[in-house]
1. Which FRET efficiency value, to the nearest 0.05, is calculated for residue 109 and residue 63 with the Förster distance at 22 angstrom and r the Cβ-Cβ distance?
2. Could you give each residue of segment 214-227 its phi-based ³J(HN,Hα) in whole Hz, using Karplus coefficients 6.51, -1.76, 1.60 with θ = phi - 60°, and x for Gly or Pro?
3. For segment 105-254, what does the equivalent ellipsoid look like in terms of its semi-axes, each the square root of 5 times an eigenvalue of the Cα gyration tensor, given largest first in whole Å?
4. For a 31 Å ceiling on Cα separation, which of these pairs sit above it: 162/248; 51/162; 92/248; 162/225; 26/248?
5. On alpha carbon coordinates alone, what is the Rg over Rh value for the chain, Rh being the Kirkwood radius?
6. Which cross-chain or sequence-distant (5 or more) residues have an amide H under 5 Å from the amide H of residue 118, H modelled 1.01 Å from N in plane?
7. Determine the percent antiparallel among the DSSP beta bridges restricted to segment 46-195, to the nearest 5.
8. Along the Cα→Cβ direction, 7 angstrom out, place labels at residue 46 and residue 75. What is the inter-label distance in nm?
Amino acid sequence: MPTSSVDQFKYQPERIQAGTMYHYTKSNLDGSNPARMYIRVRDVSNLDVWKFEAHNYDAAYVTAHMDWESFSADQIESWIVTFDTNRREQAKLTSSHARSSFSIRWRGQTEMIQVGHYPVHVYNFDFISLNFILRHWSAPTGGVEIGILQPNFDPNVSGLIKYEGRVALKYLEDEDRNGYACRKYAIGGEGLQNRYGTLWLDREWMHAVDIEIPVPDNPSWNSFKFELVSRESMDDGQWVQFLDGEIKKLEAAG
């Protein structure tokens, strides 16, 4: 049976701002290899995520559904999108809290593994699902543990996905960061190769303002920095219009 910290969270739908679009920059800790990340809260349980890397010839589109019993994403689907809006499925991940399992379909294969701790989050998903649950944390000036999953990027090692272990999130102090009043946390442990980083959360809404971790979540990077650029409200039409403009930039780059 997995261990659990789920009882440290309480679902608070009033803290979810549907229609909000968060713009982040993902990069290495030194700011190199930046990618533009756009996360829109479709409704209380669904996220739409677009990532445009520096090469700018295609984009990654990801959807995530949140399970408010396990405070984890129970479905993540990703596609590669080209300038002509053609989509190619990249991966699909599905979680069953009842069976403590997580399955992945990737590279033409399917695999299921057991989860050792809930809530559980995919580090390769840029901790976006973790970012989305922390606004429901009942004691944000304390500490909590989460489980970490990560795709296996090493073709010489068997298996598509790994349960890496737990990491601890621990409140340190209140601190201003990039013009935002924040709570500052240490994050690290076995699930991050026994290394530690720092997380700054907006004190009012508890979304990430900045994350700095010396462990990459993708082999295209050497570390992980996730920095908030802006936040704004977009209705469905505005979101579609905004994405159309971003995708047209791919065509111009091509």
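We did not get these values from a lab; they are worked out from the coordinates using the rules stated. Computed from a prediction, not measured in an experiment: that's the story for all the values here. Because the Cβ atoms are built from the backbone with ideal geometry, glycine has one as well, and the counts that use them run over all protein chains shown.
1. Details: r = 21 Å, r/R0 = 0.96.
E(calc), rounded to 0.05, equals 0.55.
2. x, 10, x, 9, 7, x, 6, 10, 10, 6, 9, 10, 9, 10
3. Working: eigenvalues 134, 130, 42 Å².
The answer is 26, 26, 14 Å, longest axis first.
4. Too far apart for the 31 Å limit: 162/248.
5. Using Cα coordinates only, the ratio equals 0.94.
6. Close amide H contacts, sequence-distant or interchain: 3, 4, 5.
7. Percent antiparallel among DSSP bridges in segment 46-195 is about 95.
8. Label at residue 46, label at residue 75, 0.9 nm between them.
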